[in-house]
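Notes follow the structure.
The values are calculated or read from the model by the stated rules, or taken from the named source; none is laboratory data. Since the structure is predicted, the reported quantities are computational estimates derived from the model, not experimental observations. No Cβ is skipped: glycine too gets one built from the backbone with ideal geometry, and neighbour counts run over all protein chains shown. SASA here: full protein model, heavy atoms, side chains in, ligands and nucleic acids out. Shrake-Rupley method; radii C 1.70, N 1.55, O 1.52, S 1.80 Å.
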Amino acid sequence: MPAQIRPLTPELQKNANELLHEVPERIESDLEAFKTWISQQPHLTPRTDDQFLIAFLRGCKYSLERAKSKLDQYYTLRTKYPEIFNVTDVDGGKFREIHKTGTIIYLPTPLHDNGPRIGLWRMGLSPADKYTILEVMQVAQAMQEIALIEDDYANVNGIVFIMDMKGATVGHLLQMTPALAKKMTVYSEEALPLRPKAQHFVNTISGFEPIFNMFKPMMSKKIQARLFVHGDKMDLLTKQVPLKYLPKEYGGENGSADEIVADWEKKFDQYRDYFKENANYKTVESLRPGKPIDFDGLFGIEGSFRKLNVD
């Protein structure tokens, strides 16, 4: 049976071939090898549809060993820390309320029209005395998961993320504990198949620097080299992300926040059942071949994350 995946545009297919080592004629057999390995893992119950799995192959540049490791860690961390990483309800709690603030949006046109997807987090729009960072992260995780399934630009070319701290307070920063920072960093680098191409910080506030300096050493050198702190100098940001690729609220041409939020409201409605099904996909550590994972050792404040051993 042929692989059930969306065809890429000619430009994206060229990028996938050249940058990710994708060989279209081999996709079916690559997915088959991945699924065979999954079927042999007693502890792992993941989604196995082709469009989901190819995101892991593309995110790992078709290294099957790396894709196995990422998929395992993706579900391991979601099972252990569901309140951070595993969204199962896109209607309850404050989820829609936070989304409607426009705090986190993905812009409709990718960078340079055919490059990475652009994400924007406007921290000050969700007051720290009203919403916790975990509640905001639930919205971010759900959007990231939808991008993993349906955004070919994000899957092939990666994501450029902009954090605009205008209106943010020390209260926002204090919610970012070292333990949470470590979990988020590990999930982003070791579990999520979407590749971060750059992260820009603008309108940074007093107190940002110590938090940034806490986060940075937890990241790989490659990711550290892709972090850019611009202070209040928007012109430094627009040298790398030209103004036309920012939304209308910034004087750009890349959609308006209200329209983007309305589009994503419909998307969350469409994905309602998909997220409910997330409760069924997990790892069971007692069934893991070999030694069980010592999470306290991995994620204690002093502990450092050691890569999982994956056959």
Please sort 17-23, 180-186 by packing, taking for each peptide the average over its residues of neighbouring beta carbons within 10 angstrom, highest first. 180-186, 17-23
Just the number, please: carbon plus sulfur as a percent of the accessible area of segment 101-191, 1.4 Å probe, no ligands or DNA/RNA counted. 61 percent
Given the options Gln199, Gln224, Gln138, state which has the largest fluctuation in a GNM of the chain using a 10 Å cut-off (strictly under) for Cα springs. Gln224
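Working from the alpha-carbon coordinates of segment 1-149, get Rg over Rh, Rh being the Kirkwood radius.
Taking Rh as the inverse mean 1/r over Cα pairs, Rg/Rh reads 1.01.
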Using a 1.4 Å probe on the protein heavy atoms, what percent of the accessible area of segment 204-293 belongs to carbon and sulfur? 53 percent
Starting from the 7 Å offset along Cα-to-Cβ, what nm value, one decimal, do you get for the label separation of Leu134 and Lys233? 3.9 nm
Projected onto the charge dipole of segment 101-211 (+1 at Lys/Arg Cβ, -1 at Asp/Glu Cβ, origin at the Cα centre), which of Leu174, Val186, Met163 gives the Cα projection farthest towards the positive end? Leu174
Compute the convex hull volume of the Cα atoms of the chain, divide it by the residue count, and report the result per residue in Å³ as a whole number. 133 Å³
Segment 1-139 - charge dipole about Cα centre, Lys and Arg +1 at Cβ, Asp and Glu -1, debye rounded to 20: 320 debye
Is there a pair in Lys197/Lys221; Lys68/Lys182; Lys80/Lys182; Lys182/Lys216 whose C-alpha atoms are over 18 Å apart, and which pairs would that be? Lys68/Lys182
Would you please give the residues with an amide H less than 5 Å from that of Gln199, counting only those at least 5 places away or on a separate chain, with H modeled from the backbone geometry? Phe161, Leu227, Phe228
Qualifying trypsin sites (Lys or Arg not before Pro) in segment 204-259, DSSP loop, other Cβ atoms within 10 Å at most 13: Lys233
Highest mean first, how do 282-290, 160-168 rank when packing is the count of other Cβ atoms within 10 Å averaged over residues? 160-168, 282-290
Over segment 170-291, with the other protein chains present, what is the accessible area per residue in square angstrom, probe 1.4 angstrom? 52 Å²
Placing +1 on the Cβ of each Lys and Arg and -1 on the Cβ of each Asp and Glu in segment 206-281, which of Pro210, Pro247, Val261 has its Cα farthest towards the positive end of the resulting dipole? Pro210
By the Cα gyration tensor axes a ≥ b ≥ c (a/c under 1.5 gives rounded; else a/b larger than b/c gives prolate, otherwise oblate), the shape of segment 128-282 is rounded
